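Note sheet for the following structure.
The values are calculated or read from the model by the stated rules, or taken from the named source; none is laboratory data. Not measured: the values here are computed from a predicted model. Counting neighbours? That spans all protein chains shown, and the Cβs are built from the backbone with ideal geometry, glycine included.
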Amino acid sequence: MKREELEPLGELFRLLPRTGVLRGNKMPELGEEVYTKDGRSIGYVSDVFGPINGFYIVVRLTSELQELERGSILYRKAGRGQPDPRTPA
């Protein structure tokens with residue numbers, strides 16, 4: 001996946017075994033693929049929870065990456081998912 005084909009999904013808030021929790025920037029679809037900044041697929045969205053103005057995204061990690069740490073930004077394919085519910089229509 002090329003960098004220009006990606007958009008930020010959220011910031012890594014918590015890293016657990018085989019699971020990451022992001023503070024969401026964009027509302028994803030369940031099952032949507034998640035990527036690192038260099039375009040490597042690392043997992044998929046398994047859940048979204050919390051209020052619309054501060055939601056969290058649970059990512060099921062399918063690969064082990066040593067460089068993932070709290071504060072890392074993870075990405076999705078540009079143009080995917082639902083519109084951000086915090087943005088007025």
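Some observations on this one:
- Tally of residues being under 10 Å from the mean Cα position of the chain (by Cα) and either free of Cβ contacts under 8 Å to residues at least 24 places away in the same chain or in a strand (DSSP E or B) (or both) across segment 9-41: 12
- Among the residues of segment 42-69, just one is at pLDDT below 95, in a loop (DSSP other than H, G, I, E, B) and within 13 Å of the chain's Cα centre (by Cα), namely LEU68.
- Verdict on GLY39 being on the phi > 0 side of the Ramachandran plot, modelled with pLDDT under 90 and out of contact with any strand residue (DSSP E or B) (no Cβ under 6 Å at 6 or more places or on another chain): no
- Any chance SER72 is of a type outside the set (A, V, I, L, M) and either within 18 Å of LYS2 (Cα to Cα) or surrounded by 12 or more Cβ atoms within 10 Å (Cβ to Cβ) (or both): yes
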